[in-house]
Amino acid sequence: MQKKIEKRSAAATQKRILAAAKKAFARKGLAGARVDEIALSANANKRMIYHYFGDKENLFLRVLENAYIDIRQAEQSLELDTLSAKEALDKLVQFTWQYYISNPEFITLVNNENLHRARHLKKSKIIEKANQQLTSLVENLLNRGVNEGVFREDIDPVQLNITIAAIGYYYLTNRYTGTIIYKRDLGSKESFEDRLKFNLTTIQRLVHK
């Protein structure tokens, strides 16, 4: 019984640390985040962080892995196989856009890792498998579209996924500068709705015959 309590306590502590670290890394990046601040926010101490995660670099990797796993699991739960290929593609595009809006930390964490040229993700033993699920999901969706006679046969699922991510990702990461450059409030609710419609139309035109 005592061991079960200790195990639950350890799991709860790690969960708090990861949640606090996610906020710190998203806000300040790997270089700016401080272990002391993460420990304080997690109601833990530095010793616990080093015990469970080794060092700040490994903690950052765990946060990144969890971020990618979260979006991949959410994609798998969309049940796209129950829809027509066109409807499934629309749902995936809409989901990706909304996920970025609802999880801004994901974008900033990915941005930060790209500044480090993915040196942390290169060490991950689970990221490749997690992201292969997305490639397979998009590939199956495209194959269904071909069989239904609505999609072209020459679409690379990796390139399509990159494009779906890019048309939402770029807009959101550049909406503040874009608002100044284009003299249009790119962060308003109406602008977000207009952008989603544009994204949906763009992707459908890309894959349709």
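The values are calculated or read from the model by the stated rules, or taken from the named source; none is laboratory data. Treat the numbers as computed from the prediction; the structure is a model and nothing was measured. When we count neighbours, we look across all protein chains shown, and the Cβ atoms used for this are built from the backbone with ideal geometry, even at glycine.
Structure notes:
- Test: residue in region 62-73 that is free of Cβ contacts under 8 Å to residues at least 40 places away in the same chain and outside any helix (DSSP H, G or I): no
- For region 17-25, the condition of being part of a helix (DSSP H, G or I), touching an Asp or Glu at 6+ places or on another chain (Cβ under 7 Å) and free of Cβ contacts under 8 Å to residues at least 40 places away in the same chain holds for at least one residue.
- Test: residue in region 49-56 that is within 30 Å of N140 (Cβ to Cβ) and either at pLDDT 95 or above or out of contact with any strand residue (DSSP E or B) (no Cβ under 8 Å at 6 or more places or on another chain) (or both): no
- Residue in region 97-112 that is touching a strand residue (DSSP E or B) at 6+ places or on another chain (Cβ under 7 Å) and assigned by TED's automatic domain parsing to the domain that holds E148 present: no
- Per this entry, L121 is not counted among residues that are of a type in the set (A, V, I, L, M) and over 17 Å from the mean Cα position of the chain (by Cα).
- Looking only at region 37-48, and only at residues there that are assigned to a helix (DSSP H, G or I) and more than 24 Å from the chain's Cα centre (by Cα), the one that is surrounded by the fewest Cβ atoms within 10 Å (Cβ to Cβ): R47
- Test result for L109, of a type outside the set (K, R) and closer than 16 Å to E57 by Cα: yes
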